[in-house]
Structure formats: C-alpha cells, structure tokens
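Take a look at the following structure, please.
The values are calculated or read from the model by the stated rules, or taken from the named source; none is laboratory data. Everything quoted here is computed from the prediction, not taken from an experiment. Glycine also receives a Cβ, built like all others from the backbone with ideal geometry; neighbour counts cover every protein chain displayed. Keep in mind that these areas ignore ligands, DNA and RNA; they rest on the heavy atoms of the full protein, side chains included. Shrake-Rupley method; radii C 1.70, N 1.55, O 1.52, S 1.80 Å.
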Amino acid sequence: MSKHFPHIFEPFTVKRTTFRNRVVMPPMGSNYATYSGEVSEEMKDYYGLRARGGTALITVENACIDFPLATNGTKQLRIDGKQFMPGLFELTERIHKYGALASIQLNHAGASAYPERLGGLQSVSSSSVPSKEGNPAPRPLTKQEILNIVQKYADAAERAIGAGFDMVEIHGGHSYLLDQFLSPLYNKRTDEFGGSYENRARFARLVVEAVRARVGKWVPISFRISADEFIEGGNTLEDTLQLLEYIVPEVDIINVSAAVNDSIQYQIDKCDLPDAWRAYLSESVKKKFGKPVILSGNIRNPQIADDIIAQGKTDFIAIGRGLIADPDWANKARLGETDRIRKCISCNIGCADHRIAKSKPLRCTINPSVISGEVYKRQKVTRPLHVVVIGAGTAGLETACTAAEVGCTVTVLEKRNEVGGMARRIARFPEKTRIEDFPAYLEKRAAALPNLEIRLNTEATKELLDELKPDILYSATGSDPMLPPIEGLRELTDAEGSDIRSVEGFMSNIPFYEKNAEGKKVVIIGAGAVGLDVMEFFTLRKADVTVIEMMPAFGKDLDVVSKSTFHELLIKHPVNMHLGTALQKVNPHSFVAAKDGVTQEYPFDYGFICMGLVPAIPKDNPFETYAREHGIPFDNIGNSRKTGQIMHGTESGRNIINTIDAMGGFDL
C-alpha cells in the first residue's frame, strides 16, 4: 500500500478477483476500432498505456452486442460474433501485461443507435420516444425481440470471458436501450415491461440473470446506471433505488453514473462541477444495497478521491477523462507526485465533442499524445540546438517543454509578467477555474527543466533574436479581441472610464463585476463561446442580460456539453437573446443594432464586446521574416495562427518534435 493516499491504493477483492487499487478506467467511446468493429493497434496502445500507468481496472468502451441495431458511434467496437474474439484477446493480453484487470461494457444503443450505420432500419426502443431531442422516433420492441436481445447480451458476455476479460459490465444508463426501459422519459409501455418499477426493471433484470447464467458465479458483473437523470420527468435517485431492487441480486458492482442525452452536462461533467460532486449518489446506493460501488464525476484531485473512499462513500473511483489527459494518474498519485499530474480541465472538446458531434477519433485538449504517451522523450538531439519560442501561453509552453525534454536549449520570450496566456486569464471566470490546472501544470513542468529559460516582461525584437541566435523559431503570440470598424467601437472599448469592455477588459475586472452585477443592465455583443461565458457569469449573478448576435443561432461552434449547459441555463434564467441582429454603432451607454432593416437602441450599465478573437501577429510578421532571412525553421502556432481551441496549440507545440526530426536533429 502506498504511504500517499492509502485508501486509493488499498487492494480490494470482489469474489475471487482482486483489484490492485481502487482506480477504475470507466468505458468511454474512442472511435479507435476499425470501421468493421475490430480492435485496432491504436486501441491496444491506448488501453495498454492506461494499464501501464497503474490503473487497477480497465473497462473497455461500450461494445455492440447486435449489429446494426445496437450500434453506437462511427467506429464502435463489436462483440456480436466470434470473428471479433482474436482482436479482443490481444487487447486483454495488452492490458494484463501491465498487471491491470480487464472488463468490457456490453451495450445496445436502442434509440441512440448511430443512424448512418442502420442501413435504413428504424431504431428500436421501449416506446416511440426519441432518446434525444430532435432525433428520429424509434419503434417499440416486441416481447419476443426483447427476449432475443437478452440472449444477445448473454452471448456477448460469454465471448468476453472467452477473450480473456476478467469481468463484464452491463450498461443500464445514459439513454441507451436498458435505460430506455428503466426511465419514464422514454418508457410509455403498458405491458409487463412498462409502468411500475418492477416492470420497467424487468428487461434489465432478465439481462443480468442471463449474463450470470452464462459466465458463472465467480465472474464479477458490474451494472452501470444513471442514478439521477437530472431532467424533468426522468428518474430521480429515489426512483433508481427502487429500480435497483429488482436488478442487483446478481450484480457484484454498481457503477453509479448520472444523466441522459438531454442532460449530458451531468454525465460528461461540465467544467464548474466540483470534484466528486456525485458522491452522495454512490453513497446512497452503497448504503441501501451493501454492494461495492464505483463513483465518477470530475474526480481530478487524489486527496479528494482518497477522502471519499475513507468516508465510505464509494469503493472505487472512476477516472475517465482524467486518464485520457494523463495515463499515469494512478502511478503519479501513488508516488505522491501530484504536481506532475496533467489534470483534465473538463473542456469536453477532444474527448466528447470529437466523438459525439463530429465523428472524429478521441483526442485531448491538454494531452497531444493520447495514444503514444511520452515515447517522444526517448529521442535526444544529437547536436546542440537552440529553440526560441515567442509567447508563454499554453501553445508556447508545450512547445518549449517538449523541445527541452528532448535535449534542446530553449528560451521563451513573454511580454507579460506571467505565463499561461489566454487559458490562465479565462480561468479567472468563476465557472472556469478548473482551466487553471493546465497552465499551472505547464509552468511546473517548465520549471523542472534546467535547459529551459523563461524571460518575462520581454518583448521579442530583431536585436534580441540576433543575440540569441536561434536554430528554430516558434511564434505563439496569442490573440487580441476582434474590433471591426464600427462607429465608436474602437474608441470606447476598454478606454479609461468607459463602461464598455472587451473580453480582455472583462477578465481583468472580474472581482469588480462579481460585487456589482446584481440588478445591472448588461448588453453583450456576440454569442460565441466567450460571449456565452460572459452571459453565464452575469445571469447567475442576477443581472438583466441582453445578448446581440448577428448569426441566426447562438454558440455555433460550441461542444455538445456546453450547448446542453447553456440550453439549461436559458430555461432556468431567461435572457433577452436577439439573433440575426448586427451591431451598427457604439455609444458610451448604449449599442445600436439592426435586424431586417429595423434599428434599435440597447442601453446598458455594462457593455461587452465579444465578437471573437484575431491572431495577435505584429505587422508584416517580422518573426517569420527573420527566420526566412536566417534560413531556420519557423512555425506560427496557437491563437496567433488560428484562433479557436487550446487543443490546436497544444498539438502544434508537440509537433516541434517533427520539426527537429526534419532538420536532422535526431540523426546519429
């Protein structure tokens, strides 16, 4: 047992299966399977890396038990035939190689099936209610079809154990088929599978009993459930405790999750939910049934995880996105190296939005090497190379750290008096404080590298570059607020004594606005991500908020979790939203905007310009010119290349490895 966080690292036995610690990787779709549903080399590397990092149990993502009706995701893993067993066996071999246990989640998507893979078939469910607002209506399953699907689960479980998995998990939550029977949101049946708790739980109970009969009494079975669906008309915790009475007799571990498709911000937790916020759910389930439980929910801090285990609120902690961000979470916690943990910031972009909304493979905003890990560190430059990075935001720091870790001498020039860039400033939003974990991690990582120097309050000039003599030059100068040529806009925004602020001006004055928001009339120009963050800030603090957006919809580029978050916010706290409305003029205490040729004035106490960001590149880009004149590699990365997400800058920063390689820096 580790002297650090002893409760996390105390072994635990379920039946004859012993877990080396309490850290569980829960099932999360990756889009790493092949198009035909087989295990890929990427998938083996991805899960193997998390097993190597000290995780006790790797639960492989939800696997399709009955293609195509059960399918979920563009490239979902399949387990509905023997032809998939060789790849699954190789996957369990990889996981077991590092001492972890392997489980796999068995799932039928029901009405949440991926439409493009249905081949024209109508999805199935308990009733004809879509599992997500705006989705096509499914058809109700017949009783015989239900019984057939029960056997599909049992067949899949048998294959899983045959392929070397130590246990199996049955998915009964998150708007998938079993949840579509458990939840009154979807289940409108009047037969023995609808109505009462016992009837709504009947399908899930039959599945659990069939799986138990097939795998035998010693194989642990876990059951994942949305303990509270956090939506009007859905199951509450009290409902779930009633439903579980009929399901758990043959279940060994209860995986306590939450929410459904239309409350996804409580399933794939939004940024402002605190560590282990769902602990009351797992504690209630554990208290009633006396069975081991798994808790998930923004768990990032090992001390909090250790405390909730010690308090008896859970037996296992599920570190999902946290293990995407840092595969070595468990090992670093065990060694007490918490400062080295790359903590997930719950942005939900590369992990959730990539898969759910964009049908892309899983990626991570703060970890540019989700699959390969830190193998790049095995390379070392074979000749002296001096890398100069202009800008110490997250893109610049990732570039600098990566270059230093392979042996380059690195100098970072930062004109401000702190590192972290836009990410650190955005973290000043009270609802976004978790983002601070990333620049804080990068700052500590940089400080541990003796061959990396950061010069604050230092402007990059041609003369300084001549003095430094870089072999590689990277520019990561960030972004500035977009201020188009609209009458009064540039003159009044962030001017001394003005009540009109850009997002930079807002972030610099958050303490003032926190004390002086209630009852104030606030008008925000722009309903992109930043404008909506400002809207959320003032709405939650009881201001009278109006948002003006020239596009026909708000939040066009938002990730799926943020969209659901703001949808809920606007229901609970109505905002005056004026879409298709363009700013025409800026006055000291009002904005003038027009829609369909009709002009209107919008007076305010505080006005905010959130029209987007533009790359902060000095005129004529002197850095690129310098690099070209001196014949050295140059790249412009992060927001100074294209404004948008932190992830793009992080990926570009890690790619300095390829720049070094291309110039022969690793050649023997």
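Report in % the part of the accessible area of the stretch 1-145 that belongs to carbon and sulfur, leaving out ligands and nucleic acids; probe 1.4 Å.
52
Measuring from label point to label point, each 7 Å out along Cα→Cβ, what is the Lys642 to Glu250 span in nm?
Label-label distance for Lys642 and Glu250, simple model: 5.1 nm.
Using 0.36 nm times the number of residues separating Arg139 and Gln600, minus their current alpha carbon distance, what extension gain do you get?
Extra length from Arg139 to Gln600 when fully extended: 161.1 nm.
Under 11 Å from the Cβ of Pro292, count the other residues' Cβ atoms, weight Lys and Arg +1, Asp and Glu -1, and hand me the total.
+2
Mind checking the stretch 1-79 for chymotrypsin sites (Phe, Trp or Tyr not before Pro) that DSSP puts in a loop (not H, G, I, E or B) and that have at most 16 other Cβ atoms within 10 Å?
Counting only loop positions with at most 16 other Cβ atoms within 10 Å, the chymotrypsin sites (Phe, Trp or Tyr not before Pro) in the stretch 1-79 are Tyr35.
Another question about this same structure. Determine the distance separating the Cα centre of the stretch 368-417 from the Cα centre of the stretch 255-322; give it in Å without decimals.
36
Over 30 Å between Cα atoms: which of Lys432/Lys595; Lys432/Lys542; Lys217/Lys286 fall into that group?
With Cα atoms farther than 30 Å apart: Lys432/Lys595.
A follow-up question, please. Roughly how big is the chain's charge dipole about its Cα centre, with Cβ charges of +1 (Lys, Arg) and -1 (Asp, Glu), in debye to the nearest 20?
Dipole of the chain, to the nearest 20 debye: 1580 debye.
Just add up the charged neighbours of Gln265: K/R +1, D/E -1, any other residue whose Cβ is under 11 Å from the Cβ of Gln265.
-3
With a point put 7 Å past each Cα toward its Cβ, work out how far Thr18 is from Glu238 in nm, to one decimal.
Those two pseudo-labels are separated by 4.4 nm.
Further question on the same structure: Would you mind getting the accessible area per residue of the stretch 515-643, heavy atoms of the protein chains only, 1.4 Å probe, in Å²?
49
Something else about it: At Lys556 and Lys542, where each label point lies 7 Å from the Cα along Cα→Cβ, what is the point-to-point distance in nanometres?
With each label placed 7 Å out from Cα toward Cβ, I get 3.7 nm.
Based on DSSP H runs of at least 4 residues, each adding -39500 (n - 2.57), what is the mean residue ellipticity at 222 nm of the chain after dividing by all its residues, to the nearest 500 deg cm²/dmol?
-9000 deg cm²/dmol
Give the ranking of Ser372, Ser564 by solvent-accessible surface, highest area first, calculated with a 1.4 Å probe.
Largest accessible area first, the list is Ser372, Ser564.
Now, a different point. With every protein chain kept in place and ligands, DNA and RNA left out, what is the accessible area per residue of the stretch 94-194? Probe 1.4 Å, answer in Å².
35
Could you tell me the relative contact order of the chain? Use alpha-carbon pairs under 8 Å, at least six residues apart, and round to a whole percent.
It comes to 11 percent, rounded to a whole number.
What does the extension gain come out to for Glu90 and Lys360, with contour length at 0.36 nm per residue minus their alpha carbon separation?
Extra length available between Glu90 and Lys360 comes to 94.8 nm.
Just reorder Phe230, Phe429, Phe666, Phe89 by solvent-accessible area, largest first, 1.4 Å probe, all chains present.
Sorted by accessible area, descending: Phe89, Phe230, Phe666, Phe429.
Counting other Cβ atoms within 10 Å, which trypsin sites (Lys or Arg not before Pro) in the stretch 595-639 have at most 11 and lie in a DSSP loop?
Here the sparse-neighbourhood loop sites are Lys619.
Tell me the relative contact order for the stretch 15-100 as a rounded percent, counting alpha carbon contacts under 8 Å between residues six or more apart.
Relative contact order of the stretch 15-100: 38 percent.
For the stretch 93-198, which GluC sites (Glu not before Pro) pass both filters: DSSP loop (anything but H, G, I, E, B) and at most 16 other C-beta atoms within 10 Å?
Glu133, Glu192
So in the stretch 8-155, what percent of DSSP beta bridges are antiparallel if you round to the nearest 5?
Beta bridges within the stretch 8-155, antiparallel portion: roughly 20 percent.
While we're looking at this one, here's another question. Given the Cα-Cα distance of Glu374 and Arg455 and 0.36 nm per residue of separation, how much length would full extension add, in nm?
That pair, Glu374 and Arg455, stretches by 26.5 nm at full extension.
Which of the helices in the chain meet the span-like rule: DSSP H, Cα axial reach of 27 Å or more, Kyte-Doolittle mean at least -1.0?
In the chain, the long hydrophobic H runs are 143-162.
Evaluate the relative contact order of the stretch 444-538 (contact order divided by residue number), counting alpha-carbon pairs under 8 angstrom at least 6 apart; express in whole percent.
It comes to 12 percent, rounded to a whole number.
Okay, next question. Using r as the Cβ-Cβ distance of Ile510 and Asn417, and R0 as 22 Å, what FRET efficiency do you calculate, to the nearest 0.05?
0.75
Can you give me the Cα centroid spacing of the stretch 103-152 and the stretch 504-539 in angstrom?
43
If you compute mean projected area of the Cα convex hull in nm² for the structure shown, which of [x] 33.9; [y] 29.5; [z] 31.4 do you land on?
Read-out taken from this structure: [z].
Taking a cut-off of 20 Å between Cα atoms, list the lysines near Lys44, but don't count ones fewer than 8 places away on the same chain.
Result set, ordered by chain and number: Lys75, Lys82, Lys97, Lys360.
What's the carbon and sulfur percent of the stretch 568-668's accessible surface, probe 1.4 angstrom, rounded to a whole number?
Ligands and nucleic acids excluded, carbon and sulfur reach 50 percent.
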